[in-house]
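Accompanying notes for the structure given below.
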C-alpha cells in the first residue's frame, strides 16, 4: 500500500506516449488517438444494451433523440475532462482533493465507488449472459468466472498503455461489425428512424428509461478516467503544445464517441424494428432479445453476433472500470493499493448483488438489475459534473485555458437538465413506493434523510468553489495589517526539541535542521519507533534484536552530537509511528517536533502520507518537516 502526496495520475503509464519526437502530420495525430477509445467502451457496455433494448421495444424509435442528446452531452463533458488533465496535469479526483474539505472528498469518493460498482455490476451480468448465450454456461457460474478476467488488466497495463488501447480498439471493432450486420438483417424504416430524433416523452415510464439511457451513456466514472488518460501523452507545456493537445484530444473524443453513438443507436433501432414493430413491447431482457432475434430476422447469425458483441462489450468495459477505480481512490484519498487487490475488490462488490439476484429472482431478475444499475449511474452524475465545470472555469488555475462563457453556460444547462431529471425520478419513485407500503414511516427515517443529504451535498459542492474564490479575492484586497517587530529578540525560542529518526541518509538533514533552530542552548531528544512484529504486539515489553539494534544506533547519533557540545537524550517508541510519536511528545515537555524524509519504502510511505497528518493533529506543539 502506498500513500504519497506527489503521485501522478496512473503513475505507471503517465507521460509514457511521446507525441512530439520524430512525429509529424498524421503520425502526430495518431499519437494522440487512444484515450477516448478507452472511455468510449463505457458508453457501449452491457448496461447500455439493457436500457436501449427496453427503450426500443417499449417506445419504438421515439427515444432515439435521447441517445443523440446524451452523445452531445458526453462529447462536451469529455472535452472538459481532457482540458483539465492536459492543462493542469491532474485528474478530476485529484482536483477535487485540492479544492474540497477532506470529509466532503470522502463522501464524493464513496459516491464515485458506488458508481463504479454499479458499472461493474452491469459488466458482470453482461459477460455472464454472453457466455450463457454463446456456450450455454449457466448464469451463476458465468458470474463466478468473471472474477478471472480481472487479471487481464494487470497483464495489459504492464505491456504499456498503447497495447491496452489496441486491445480495446479491437473489441470495439468486433462490437461495431456485429451490429452493422444486425442492422443489415433488421432493415429498419429510415423515415421512422429520422422521426425518432425529434424530442418527445411518451410517459413517466419513458422518463425512467430515458434517465437510464443518460446514465448508461454519460457515465460518471468516465469523467475521472478521461482526465487521467490524456496524461499518458507526453506533451510540451507551451501555448502551442497545449493547444495542439486540446485539438487532437477533441478529435479523438469526437471519433470515439460517435462510434459509441452508432452502437447504442443500432441496439435501440434493432429493438424498435424487430420487437416494437411485432408488438413485443416488454422485451427489456437481453436473454429475450437474443432468443427472439433468430425467429424474427430469419438467420442463425443474428443471435450469435449479438452474443459475441455482448461479451466484447463486457470485457472491454471491465478494464476501464478498474482503471477508474484506481484513479478515484488515489485521487480522493491519496491512497494506492496493489492493482490486483483493487481489481478483485471491485469485482467482488459487483458479483455479490448479481449472485443474490440469480439465487432469489432467477435469471429474469438480471434485466431489471441492469436497468437499475444505469439509473444509479445517472444519479451520481451531478456529483462529478459540478466540480468538473468549476475546475475548468477557474481562470487562475487553468492558466488562460479556462472555458469561455458559451461553453460554461452549455455545461451548466446540461448539469441542470440531468440533475433535474434525476430529482423528478427520485420524487416519483419514492412517492410510488410510499403509496405501495403499509407503513411509510420507515421510508421517512431512512430514505428521505439520504435524499436530503444528497441535495445538501449538491448545493455545497456548487457554491463552495465560488465562496472560496470570493474569500481569496477579499483577502487579496484587504489592507495590509502592520505588526510590531521591535521585541523579536525576547520571543520564546525552542528549548526542548524532539527529532524523529529512521537511520537513513535523511537523518542528517533532520538533525541539522534541529540544531540550526536550537543551537547549543536547546535540549534534543532523538526518537525512533520500533516497528517489528514483536513491538507491535508487546510494546515496550519487547526485548528483541531489532529493539537492541535501534537503541544502539540512537546512542551512536547521540554520542556524536554530545562531542559537539549538544545536550542529547534518546527514546524509543513501539509500534506504528502514528500512535507512538504523539504519545511520546504529549508526555514530554517539548517545544518542537521535527519529522524528516525517511529511507526505506514502508516508513517513507507512511511518514509522508497518513503519519504526518495524524501526528500534527494529535500533538499540541509545532511540527517541522525537514
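The values are calculated or read from the model by the stated rules, or taken from the named source; none is laboratory data. Everything quoted here is computed from the prediction, not taken from an experiment. Cβ atoms come from the backbone with ideal geometry, glycine included; neighbour counts cover every protein chain shown.
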Report summary line: Taking the range 201-234 and keeping residues crowded, with 24+ Cβ neighbours inside 10 Å and in a loop (DSSP other than H, G, I, E, B) leaves 218, 219
Query raised in the report: Being within 14 Å of residue 502 (Cβ to Cβ) and at pLDDT 85 or above, is that true of even one residue in the range 558-565?
Result: no
Report task. Taking residue 67 as meeting all but one of (1) closer than 30 Å to residue 405 by Cα; (2) at pLDDT below 85, write down the number of the exception. Result -> (2)
Query raised in the report: Does the range 74-97 contain any residue that is assigned by TED's automatic domain parsing to the domain that holds residue 388 and without any contact (Cβ under 8 Å) to a residue 12 or more places away in the chain?
Result: no
Query - Residue identified as touching a helix residue (DSSP H, G or I) at 6+ places or on another chain (Cβ under 9 Å) and under 27 Å from residue 83 (Cα atoms) among 204, 249 - result: 249
Query raised in the report: Looking at the range 84-96, is at least one residue touching a helix residue (DSSP H, G or I) at 6+ places or on another chain (Cβ under 6 Å) and at pLDDT below 90?
Result: no
Report task. Those residues that are at pLDDT 70 or above, touching a helix residue (DSSP H, G or I) at 6+ places or on another chain (Cβ under 9 Å), in a helix (DSSP H, G or I) and surrounded by fewer than 23 Cβ atoms within 10 Å (Cβ to Cβ), I need them from the range 323-343; list them, please. Result -> 329, 333
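Yes/no matrix, rows are residues, columns are (1) assigned to a helix (DSSP H, G or I); (2) surrounded by 21 or more Cβ atoms within 10 Å (Cβ to Cβ); (3) modelled with pLDDT under 80:
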{"position": "126", "(1), (2), (3)": "yes, yes, yes"}
{"position": "131", "(1), (2), (3)": "yes, yes, no"}
{"position": "137", "(1), (2), (3)": "no, no, no"}
{"position": "143", "(1), (2), (3)": "yes, yes, yes"}
{"position": "155", "(1), (2), (3)": "yes, no, yes"}
{"position": "162", "(1), (2), (3)": "yes, no, no"}
{"position": "169", "(1), (2), (3)": "yes, no, no"}
{"position": "182", "(1), (2), (3)": "yes, yes, yes"}
Requested in this report: Please verify whether the range 257-269 includes one or more residues that are crowded, with 23+ Cβ neighbours inside 10 Å, under 22 Å from the mean Cα position of the chain (by Cα) and farther than 24 Å from residue 50 by Cα.
Outcome: no
Requested in this report: Select, from 311, 286, the only residue that is crowded, with 16+ Cβ neighbours inside 10 Å and either at pLDDT 75 or above or not assigned by TED's automatic domain parsing to the domain that holds residue 220 (or both).
Outcome: 311
Query raised in the report: Of everything in the range 579-598 that's without any contact (Cβ under 8 Å) to a residue 60 or more places away in the chain and under 35 Å from the mean Cα position of the chain (by Cα), which residue is farthest from residue 523 (Cα to Cα)?
Result: 579
Query raised in the report: Condition test on residue 350, is it surrounded by fewer than 17 Cβ atoms within 10 Å (Cβ to Cβ) and either in a helix (DSSP H, G or I) or at pLDDT 65 or above (or both)?
Result: no
Query raised in the report: Among the residues of the range 363-374, is there at least one that is surrounded by fewer than 22 Cβ atoms within 10 Å (Cβ to Cβ) and at pLDDT 70 or above?
Result: no
